[in-house]
Amino acid sequence: MSVDTLEKLLIDELKDLYSAEHQITKALPKIAKAAANPELKSALESHLAETLGQVQRLDKIGEILGKSLKGKTCEGMKGVLTEGASVLEEVASGNIRDAGIISAAQRVEHYEMAGYGAVREYAGLLGMKQVAALLDETLHEEKAADQKLTKIAKSVNADAMSVAV
Ligand code: FE
Ligand code: ZN
Ligand code: FE
């Protein structure tokens, strides 16, 4: 076992998040484009911009720690995004697809929240205050993005309900 300290586990999980964020920056434009509801579209677009900032934040953390965060693939996010892509293919465009997009996007946010919550705690325990603060910023952005989607879902789901069978 090469990951035998909390610090090594931190680096390992940061690499995983680095890969996850990169995958999200590639997937989000297509998902935003497929969204019909303007509020949903703009929420996805603004989270894309935020995600690019989160990648930069991870770059900064890598610099602080003197470690490269490249070279790992987050298989979990790969799966979550594959499912999201299938929504675009299988679900009819409009309100129903928008509801499916929100469901898929919230899976992404929850996966990220689990990851950032863990690494923020490790960094705090290890006395890496600056790193913990940077990770906390991203965790808050993910939580806010998730809450925004919950709010948008109220109207999107109501519209989806009114689609004739
Ligand atoms: Fe993120
Ligand atoms: Zn992962
Ligand atoms: Fe996110």
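The values are calculated or read from the model by the stated rules, or taken from the named source; none is laboratory data. The structure presented is a predicted model; accordingly, all values stated were derived computationally and were not measured. Just so you know, the surface numbers come from the protein's heavy atoms only, side chains and all, with ligands and any DNA or RNA stripped out. Shrake-Rupley method; radii C 1.70, N 1.55, O 1.52, S 1.80 Å.
Relative to the longest principal axis of the Cα atoms of the chain, the long axis of helix 129-161 lies at roughly 10 degrees.
Normalised by the number of residues in the stretch 6-160, the average gap of Cα pairs under 8 Å and 6 or more apart makes the relative contact order 30 percent. The apolar share of the surface of the stretch 6-160, taken as the fraction of accessible area on carbon and sulfur atoms (1.4 Å probe, ligands and nucleic acids excluded), comes to 54 percent.
Exceedance of the 29 Å cut-off in Cα-Cα distance is limited, within the set Lys8/Lys33; Lys60/Lys148; Lys26/Lys151; Lys30/Lys143; Lys70/Lys143, to Lys8/Lys33. Taking every DSSP helix (H) stretch of at least 4 residues in the chain, weighting each as -39,500 (n - 2.57) and dividing the sum by the residue count yields a mean residue ellipticity at 222 nm of -29500 deg cm²/dmol. Bridgeable aspartates and glutamates around Lys129 (alpha carbons under 19 Å apart, same-chain partners fewer than 8 residues away excluded): Glu7, Asp12, Glu13, Asp59, Glu63, Glu121, Glu137, Glu141.
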